[in-house]
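S.K.: Submitted below is the structure of interest, expressed as structure tokens.
The values are calculated or read from the model by the stated rules, or taken from the named source; none is laboratory data. Computed from a predicted model, the values in this text were never measured in an experiment. Neighbour counts run over all protein chains shown; Cβ positions are idealised from the backbone, glycine included. Calculation scope for accessible area: heavy atoms of the full protein, side chains included, ligands and nucleic acids excluded. Shrake-Rupley method; radii C 1.70, N 1.55, O 1.52, S 1.80 Å.
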Amino acid sequence: MKAAVEMRELSVRHRRTVILDQVSLVLPQGAFLAVLGPNGAGKTTLLNVIPALTTPFSGYLKVLDAEVSRLSPFARGRLRRRIGYVPQLHSRGASVMPLCVREVVEMGRAGVRGAGRSLTLEDRQICDDAMRQVELDRIADRAFGVLSGGEQRKVHLARALAQQPDLLLLDEPAGHLDFRWQEAITQLVGRLWRTLGLTVIMVTHDPRHLPAGITHAAILSGGRLIRMGTLAEAMDAALLSELYGLPLRILETDGRYVVLPEALR
Amino acid sequence: MTVLQIKWLLTALIGGAGCGLAGFLLISLNLPFMGVCLSHAALAGAVLAYFLGTPVLGTALVASLAVAALVGPIADKTRTHANTVMSILFSLTLGLAFLGIGLMQDRRSELLGLMWGNLLLVRWADIPPLALAWLLPLILLIVFAKETKAVLFDREIARASGIHAAAIYYAIIALCGFTVTVNLNIVGGLMLYSLLTNPAVAAMQVAQTYRTAVIGSMVLGALCAAGGLALSFGLNWPAGASIVLVSALVYAVSLVWRTCKGRDAVETNRSW
């Protein structure tokens, strides 16, 4: 199967600090990769390097058949249009602009349609479909700023889907939400992956936020790729205990995993 | 109304609309302090122009754009918040302006005019640059409507969606610098900030949609400048200070309106 993402000995540095250290991985098209690891492991940097939002120091990176280091700024823009990106939202300042849900979702078509061109009827239908897929169509005209954190995540998912991407990058989509919304977003991400045939890369701290049946999992620590395999292989109590520096145990139910401190036994 | 009064009114309306629009752009970018930074850099540039004998408008524009261009790299390299860098550059440029004024005793009144502004000394030749400083950002907002909206909402998300966000962002900052520069001798470097901020924030308090926020910022900017001018005529007050007071009043009214509207919503929910 063709690779959606291929990294070979990819390193990212900020001044003298190594953020990603010689990371190599191959992700086939249609796969779901979960990226796990402690704070400062380089998870978000790994995600940012794929759409060329962060420039690597060295190594080889191929995304959707494009060798990223050889791309011109315009070609990078074209690549980004094929990648739906939902960044960490809880750490971002709220926009003061009075925008409705539909306007935010339509931003997903802005890059695709091209500079200076108005959105067409087809673009608006694609946005309607994206909102329907995440069950936002009923609140399309509501102000974005008054939505709950969970609803805002859905809007950004719809915005990313409106790009009709080949690759979806999600950074903690269920983070900092209450339990109901964590589960709603997890189920939604799983459903979108299964029904749309997308390749998904999702960064998360918490394996509870991963839908059942995902194909790949990677564990990062200190910028290094410690393990790459299935989620079951990554959910290794001994490895995670060592990484986080406290004894952990792992519970598994229907393909979903929960990590708990050993002391809670 | 005399020809002179028509000229003053026209200048106030066009300059006010331009400042309102520039303010909307800067506040939407979450860079409200960029306005004060640009205006004081332009002031320092204008003082420098008197010192060097170079064109005032051009030197002030170069100074404001240079300061705007420095903010991002300094913030990134030193890992300092952009607002902190802007506050340092603001105080530096203000200090340089005062230094220039102090050193040029013979032209002090002219230079102080740049600080306080004087709408009544405006010439017909000042109006085309003012109109350009209003229309160019407006054209950017219309021609690149979806791109500017995305960049104003979230620059990083716009970039990740394949929009050339940096080009749009720097175009916005450069155009705001131009607006600030051409309005310098009307409202004055010290008081321009209120005309950049107050009408735009007031419009955002009241507006329900993006379009009404853009139009509202321009309309309130024009009304603040024209209202300040009327107050200046009526009470024989300095034009710049009058414009500042009117713009602050407009902002206060928008706050009261917003508060009343919020209270209505709560009461509706309670009765329900």
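Quick grid of which residues meet (1) in a helix (DSSP H, G or I); (2) open to solvent by 30 Å² or more (accessible area, probe 1.4 Å):
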| residue | (1), (2) |
| --- | --- |
| B:Cys19 | yes, no |
| B:Asn30 | no, yes |
| B:Val36 | yes, no |
| B:Leu43 | yes, no |
| B:Val47 | yes, no |
| B:Phe51 | yes, yes |
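S.K.: Filter the stretch A:215-251 for residues that are surrounded by 15 or more Cβ atoms within 10 Å (Cβ to Cβ) and of a type in the set (S, T, N, Q) and give the result.
M.R.: Within the stretch A:215-251, A:Thr215, A:Ser221, A:Ser241 qualify.
S.K.: What do you reckon, is B:Leu120 more than 9 Å from chain A (Cβ to nearest Cβ), buried (at least 24 other Cβ atoms within 10 Å of the Cβ), in a helix (DSSP H, G or I) and at pLDDT below 95?
M.R.: No.
S.K.: Working only within the stretch B:147-190, note down all residues that are polar (S, T, N, Q), assigned to a helix (DSSP H, G or I) and within 14 Å of another protein chain (Cβ to nearest Cβ).
M.R.: B:Thr148
The rows are residues; the columns are (1) assigned to a helix (DSSP H, G or I); (2) open to solvent by less than 10 Å² (accessible area, probe 1.4 Å).
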{"residue": "A:Val18", "(1), (2)": "no, no"}
{"residue": "A:Leu47", "(1), (2)": "yes, yes"}
{"residue": "A:Ala52", "(1), (2)": "no, yes"}
{"residue": "A:Thr55", "(1), (2)": "no, no"}
{"residue": "A:Gly59", "(1), (2)": "no, no"}
{"residue": "A:Ser95", "(1), (2)": "no, no"}
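S.K.: Quick one: which helices (runs of 4 or more DSSP H) sit completely within the stretch A:158-245 and have at least 3 residues that are closer than 30 Å to A:Ser148 by Cβ and more than 14 Å from every other protein chain (Cβ to nearest Cβ)?
M.R.: A:179-196
S.K.: Identify, please: which residue in the stretch A:99-119 is within 12 Å of B:Tyr210 (Cβ to Cβ), of a type outside the set (Val, Ile, Thr) and assigned to a helix (DSSP H, G or I) and is, among those, farthest from the other protein chains (Cβ to nearest Cβ)?
M.R.: Out of the qualifying residues, it is A:Arg102.
S.K.: Return a yes/no flag: does the stretch A:90-97 have any residue that is facing chain B (nearest Cβ under 7 Å) and at pLDDT 95 or above.
M.R.: The answer is no, given that none of the residues of the stretch A:90-97 is facing chain B (nearest Cβ under 7 Å) and at pLDDT 95 or above.
Residue-wise test of (1) hydroxyl-bearing (Ser, Thr, Tyr); (2) more than 25 Å from B:Cys37 (Cβ to Cβ).
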site: B:Ala160; (1), (2): no, yes
site: B:Tyr169; (1), (2): yes, no
site: B:Ser217; (1), (2): yes, no
site: B:Leu223; (1), (2): no, yes
site: B:Gly228; (1), (2): no, no
site: B:Ala241; (1), (2): no, no
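S.K.: Let me ask something else. Between A:Ala232, A:Ala162, A:Ala158, A:Ala184, which is touching a Leu at 6+ places or on another chain (Cβ under 6 Å) and either of a type in the set (A, V, I, L, M, F, W, C) or under 30 Å from A:Glu122 (Cα atoms) (or both)?
M.R.: On inspection, the qualifying residue turns out to be A:Ala158.
S.K.: Also, quick follow-up: What number of residues within the stretch A:61-87 are hydroxyl-bearing (Ser, Thr, Tyr), closer than 20 Å to A:Arg113 by Cα and open to solvent by 20 Å² or more (accessible area, probe 1.4 Å)?
M.R.: Within the stretch A:61-87, residues that are hydroxyl-bearing (Ser, Thr, Tyr), closer than 20 Å to A:Arg113 by Cα and open to solvent by 20 Å² or more (accessible area, probe 1.4 Å) number 1.
S.K.: Condition first: part of a helix (DSSP H, G or I), without any contact (Cβ under 8 Å) to a residue 40 or more places away in the chain, open to solvent by less than 10 Å² (accessible area, probe 1.4 Å) and more than 30 Å from B:Pro55 (Cβ to Cβ). Can you find one or more residues in the stretch B:202-212 that meet it?
M.R.: No, because not a single residue in the stretch B:202-212 is part of a helix (DSSP H, G or I), without any contact (Cβ under 8 Å) to a residue 40 or more places away in the chain, open to solvent by less than 10 Å² (accessible area, probe 1.4 Å) and more than 30 Å from B:Pro55 (Cβ to Cβ).
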